[in-house]
Amino acid sequence: MPASAALTHSPTLRRLLYEALADLGLDPTDTYRRAYRGLPLAPPLLEAREGHDNAPRFWQALEGISGDADIGLHLGERMRPRPMDVVGYLLLASRDLRQALECFVRFQHILSGGFAARLEEHEQTARLIIDLNYRGIGSLRQQMECLAVLLRKMLASVSDDEFSLTAIEFRHPQPRRLGEHRRLLGLTPRFAQAHDALLFPQALLARPSRSANPRLFALLCAEAERELAELAENQLLNRVRYWLALNLGLQACSLVACARALGLSGGALQRALAEQGSSFRALHDEVRRLRALELLEAGQAIRDVARACGFAELSPFYRAFRRWQGQTPQAWLAR
């Protein structure tokens, strides 16, 4: 089977970042050059998508470059959210906040291939999960804090400034100081949580939008569907491969968990994969094989490779490796 298509993201956020960096007195071009340390980086063009798994370079280097421990929050504060792509215009044309967030979830991969966003409702609370995932890297504090401030502004504009948070959750550990979090988010976040999420009153979902435009909404939906269909990375087999690569060594690496992350039932995912001549087991096996070869080539111990590929014991890993390569890991390495 072919390797999965590399994930990409829209240049929209980077264009907003350029403006915010300049507002903070940081030269955007120099900041990106220092963060990427010589890696060729094209300017943020309107149509050009960018490599998703390169983004951590920028966010991990940013605190050191700026000298600001809360740089993500401060970038979010300076950003001026406005529609710059089809998803942004859809949010404004939506009937109400519920429809806007349903569009955000439906078309999230136009914004970023790494999004794992979904909307949940429980009793009187709505919860917008905004996880952004990268291979081999946990949640990026500065990126998620910037995104939280930006999304809060965007949702306020959709709801005519009536949007309010009841809680906010982050996957990253709690920082030493929380004063800027309280100032910019209006509350103290909960840290070390299972997801990055915004929580707000469920009643706000029915809040009508003054900028609603049903005819324009229909046209924008059609365009968004077209753009989504053109993303090779968003094809089902590639989405499943990427999810498996992120969760391979975890106990929760199951068909049910994968289906939930993709917004499907387990049965629906099985049927969809079968229609494309594949299965969850086959893709799981493929990703395991590629990860094992990659880690062995990098010099990792065989026991560590087996664990990283989701094998609790060495013997099933050896059996699987013989099936994949026709020989033991030691023989494969010696060859």
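The values are calculated or read from the model by the stated rules, or taken from the named source; none is laboratory data. If you're wondering where the values come from, they're calculated on a predicted model, not measured in any experiment. No Cβ is skipped: glycine too gets one built from the backbone with ideal geometry, and neighbour counts run over all protein chains shown.
Count, please, the residues in the range 77-119 that happen to be of a type in the set (A, V, I, L, M, F, W, C) and either in the same structural domain as Arg241 (by TED's automatic domain parsing) or in contact with a Lys or Arg (Cβ under 7 Å, 6 or more places away or on another chain) (or both). Residues that pass the stated criteria total 3. Filtered by the rule that a residue be assigned to a loop (DSSP other than H, G, I, E, B) and among the hydroxyl-bearing types (Ser, Thr, Tyr), the range 98-147 gives a lone residue, Ser139. Close contacts from the range 4-28, counting a first residue that is over 20 Å from Gly67 (Cα atoms) and a second that is outside any helix (DSSP H, G or I) and of a type in the set (Ser, Thr, Tyr), with Cβ to Cβ under 6 Å and a gap of 6+ residues or different chains, come to His9/Ser112. Taking the range 216-335 and the helices (runs of 4 or more DSSP H) fully enclosed by it, the elements with 3 or more residues that are over 21 Å from the mean Cα position of the chain (by Cα) are at 266-275, 280-297, 302-308, 314-325, 329-334.
Just give me the residues in the range 148-186 being under 18 Å from Ala197 (Cβ atoms), of a type in the set (Gly, Ala, Ser) and part of a helix (DSSP H, G or I), in sequence order. Listed by number, the residues that qualify are Ala148, Ala156. The requirement of being within 30 Å of Tyr89 (Cβ to Cβ), not hydrophobic (A, V, I, L, M, F, W, C) and not assigned by TED's automatic domain parsing to the domain that holds Phe104 is fulfilled somewhere in the range 249-269, by at least one residue.
Within the range 264-293, residues that are exposed (fewer than 15 other Cβ atoms within 10 Å of the Cβ) sit with their Cβ atoms under 9 Å from residues that are modelled with pLDDT under 90 and not in a helix (DSSP H, G or I), at 6+ positions apart or across chains, in these pairs: Gln276/Gln235; Ala282/Met1. When Leu262, Leu273 are checked against the criterion of being within 15 Å of Tyr242 (Cα to Cα) and at pLDDT below 90, Leu262 stands alone in meeting it. Filtered by the rule that a residue be under 22 Å from the mean Cα position of the chain (by Cα), part of a loop (DSSP other than H, G, I, E, B) and at pLDDT 90 or above, the range 34-84 gives Asp70, Met79. Inspection of the range 301-313 finds a residue satisfying the criterion of being closer than 24 Å to Ala6 by Cβ and not aliphatic (A, V, I, L, M).
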